[in-house]
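Trainee: One structure, pasted below without further comment.
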Amino acid sequence: MKNIDHWIGGARVAPGSGAYFDDLNPVDDSVYARAAAGTADDVNRAVEAGLAAFRMHRNLPAAVREGWMFKAAEIMERDVAKFQEVVIDEVGSPVAKAGFETRFAIGFLRAAAGVPRRVRGETIPSDTPGRFSMSLRQPVGVVAGITPFNVPLIKGIKQSAMALATGNAFVLLPSEAAPRLADLLADLWREAGVPDGLFNIVYGNGAEIGDALTGHANVAAITFTGSSRVGKHIAGIAARNLKKYTLELGGKSPLIVCADADLEKAVGAALFSIFMFQGQVCMGASRIYVERSIFDDFAKAFAAAASKAKMGDLREPTTMLGPIISERQRDRVRSHVDDARAKGAEVLAGAEWTGNCCSATVLRGVTADMTVCYEETFGPVTSLYPFDTLEEAIELANDTEYGLSASIFTRDLDKALRFAHEAESGMVHINAPTLHDEPHVPFGGTKASGFGREGTEADLEIMTEWKWVTIQSATANPSGH
């Protein structure tokens, strides 16, 4: 089996330790690939390569960086089947989800092609006669990116494309569960024309080498997607070292169904919101609040739909549920459901395992003392709760440390707008699933769900920094008086 080596300075580089780790196919835990087990020394080599390349290429014209984005989109479109195959086999994505990831990544690359020409400043009126005052946006230098297993292509492209489009160098630390996908990105950016050293990858255990990357003196900005616990740790490192950072973290996203909602659409949206990619999505609707007068009807219809959610061949278009990524995560899903059952919750559907796959699970009667009530399960598990008034629904929806995505189904515009304003969430969707993303929107959450926003507009804030420049005319008084 071919080993996956680090990508540093435009070449594949063996790990300094000589060690490799196994990347498992989650369907059966067979070894899918072996990747370099990085060390702090490997991280340092990647960052230094990035810094050298940044200094050499920071003044490349916008048209050149624009060209990289268009070329990368063309390459990915040409090789879309190869990318999808890896997303399916490496992280257990059903083909429909793998198709979404590749389409989104291609679309993001095309959107990012417009970014180089938007890295601009402005002229500023000055209080001093004869002074010309202006502001510039300039790249920060080396950007560090840490990506998760669940959407490795989307996050890998989002982070690297924005860093490169804004004139920075980029060092990627991908999830240990998705090194082969990251390796494809190295070939993608090389063929697209990105100079050696501007894009680098170090593989390894984030718990062992993550601090070496995020705390490196020559890393100017950090973009991270992962758990809230790790995100808080990274925020501390960034604060101590005065680095810019964006965090996209966990969620316990609510979906509200009012009595006047289109029940069929609400059921379909709820099904997609929590069971797409077997619930391993931070925006998953793991809390569903239903107005009491329609609660039983919704519960019956939703449980029936969940019972039909298909497990099986990941390449079958109708398959919704694939394997849970690892034994550790499978244990988490089991423990949440077992705890709820032991404390009196009713299982309306699911909670059955076939190999590494858990069926779509719907709980009723969940109470605050159950782990599943407040903690993120990150699996195909959701809970149904009744409510009597919109005020109560909003209070329940906000009763969480998280605030990533929220959704409401209603035909009443006043209710919808009130929820949009009062929901403590970074994203709110009306009559739509909790799962949404587009390249140009400010994507991200509040509270423990994150800090800052991602997107072709929002990322300019961490990928660039302002500089104020003045030019004095011959008649200007340099002292300003």
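Trainee: For the stretch 336-375, enumerate the residues that are among the hydroxyl-bearing types (Ser, Thr, Tyr) and either assigned to a loop (DSSP other than H, G, I, E, B) or open to solvent by 60 Å² or more (accessible area, probe 1.4 Å) (or both).
Mentor: At the first step, the residues of the stretch 336-375 found to be among the hydroxyl-bearing types (Ser, Thr, Tyr) are 354, 359, 361, 367, 371, 374.
Within the stretch 336-375, 354, 359, 367, 374 qualify.
Trainee: Within the stretch 426-442, identify whether any single residue is hydrophobic (A, V, I, L, M, F, W, C), crowded, with 20+ Cβ neighbours inside 10 Å, in contact with a Pro (Cβ under 6 Å, 6 or more places away or on another chain) and closer than 22 Å to residue 257 by Cα, and answer yes or no.
Mentor: No, every residue in the stretch 426-442 fails to be hydrophobic (A, V, I, L, M, F, W, C), crowded, with 20+ Cβ neighbours inside 10 Å, in contact with a Pro (Cβ under 6 Å, 6 or more places away or on another chain) and closer than 22 Å to residue 257 by Cα.
Trainee: Sort out which residues of the stretch 212-229 are polar (S, T, N, Q), closer than 20 Å to residue 49 by Cβ and open to solvent by 20 Å² or more (accessible area, probe 1.4 Å), and write them in order of number.
Mentor: 218
Trainee: Using the structure shown, decide if residue 157 is open to solvent by less than 30 Å² (accessible area, probe 1.4 Å) and either in a loop (DSSP other than H, G, I, E, B) or farther than 19 Å from residue 454 by Cα (or both).
Mentor: no
Trainee: Another question, then. Mind telling me which of the residues 105, 72, 96 ends up being open to solvent by 20 Å² or more (accessible area, probe 1.4 Å) and either in a helix (DSSP H, G or I) or touching a helix residue (DSSP H, G or I) at 6+ places or on another chain (Cβ under 9 Å) (or both)?
Mentor: 96
Trainee: Oh, and also: Can you name the residue in the stretch 409-423 that is closer than 14 Å to residue 392 by Cα and of a type outside the set (Phe, Trp, Tyr) and is also surrounded by the most Cβ atoms within 10 Å (Cβ to Cβ) among such residues?
Mentor: Of everything passing the filter in the stretch 409-423, 423 is surrounded by the most Cβ atoms within 10 Å (Cβ to Cβ).
Trainee: Cβ-Cβ below 7 Å, separation at least six or inter-chain, first residue in the stretch 390-407 and assigned to a loop (DSSP other than H, G, I, E, B), second buried (at least 24 other Cβ atoms within 10 Å of the Cβ) and among the charged types (D, E, K, R): which pairs?
Mentor: Listed by first residue and then by second, the contacts come to 400/252; 402/252.
Trainee: Out of 23, 41, 28, report the one residue that is modelled with pLDDT of 95 or more, open to solvent by 40 Å² or more (accessible area, probe 1.4 Å) and within 26 Å of the chain's Cα centre (by Cα).
Mentor: 28
Trainee: Still on this structure, I have one more. Go through the residues of the stretch 204-211 one by one and say whether even a single one is at pLDDT 95 or above, farther than 22 Å from residue 183 by Cβ and open to solvent by less than 30 Å² (accessible area, probe 1.4 Å).
Mentor: No, the stretch 204-211 has no match at all.
Trainee: With respect to residue 297, is the statement that it is closer than 26 Å to residue 264 by Cβ, in contact with a helix residue (DSSP H, G or I) (Cβ under 8 Å, 6 or more places away or on another chain) and either touching a residue at least 24 places away in the same chain (Cβ under 8 Å) or not in a loop (DSSP other than H, G, I, E, B) (or both) true?
Mentor: Considered against the rule, which asks whether it is closer than 26 Å to residue 264 by Cβ, in contact with a helix residue (DSSP H, G or I) (Cβ under 8 Å, 6 or more places away or on another chain) and either touching a residue at least 24 places away in the same chain (Cβ under 8 Å) or not in a loop (DSSP other than H, G, I, E, B) (or both), residue 297 comes out as yes.
Trainee: Let me ask something else about it. Quick one: what pairs do we get from the stretch 230-246, first residue buried (at least 16 other Cβ atoms within 10 Å of the Cβ), second at pLDDT 95 or above and of a type in the set (Ser, Thr, Tyr), C-beta under 6 Å, 6+ apart or different chains?
Mentor: As it stands, the answer is 234/214; 237/214; 238/245; 246/223, since those pairs meet every condition given.
Trainee: Another question about this same structure. Inside the stretch 166-223, can you point out the residues that are assigned to a loop (DSSP other than H, G, I, E, B), among the polar types (S, T, N, Q) and touching a Phe, Trp or Tyr at 6+ places or on another chain (Cβ under 9 Å)?
Mentor: 168, 175, 205
Trainee: May I pose another question? Would you check which residues across the stretch 348-372 are free of Cβ contacts under 8 Å to residues at least 40 places away in the same chain, out of contact with any helix residue (DSSP H, G or I) (no Cβ under 6 Å at 6 or more places or on another chain) and farther than 16 Å from residue 275 by Cα and list them?
Mentor: Residues satisfying the conditions are 365, 367, 368, 369.
The values are calculated or read from the model by the stated rules, or taken from the named source; none is laboratory data. Remember, it's a predicted structure, so these values are computed and weren't measured experimentally. Neighbour counts are summed over all protein chains in view; Cβ atoms, including those assigned to glycine, are modelled from backbone coordinates with ideal geometry. Ligands, DNA and RNA are stripped out before the accessible areas are found, and what is left, the full protein with its side chains, is counted by its heavy atoms. Shrake-Rupley method; radii C 1.70, N 1.55, O 1.52, S 1.80 Å.
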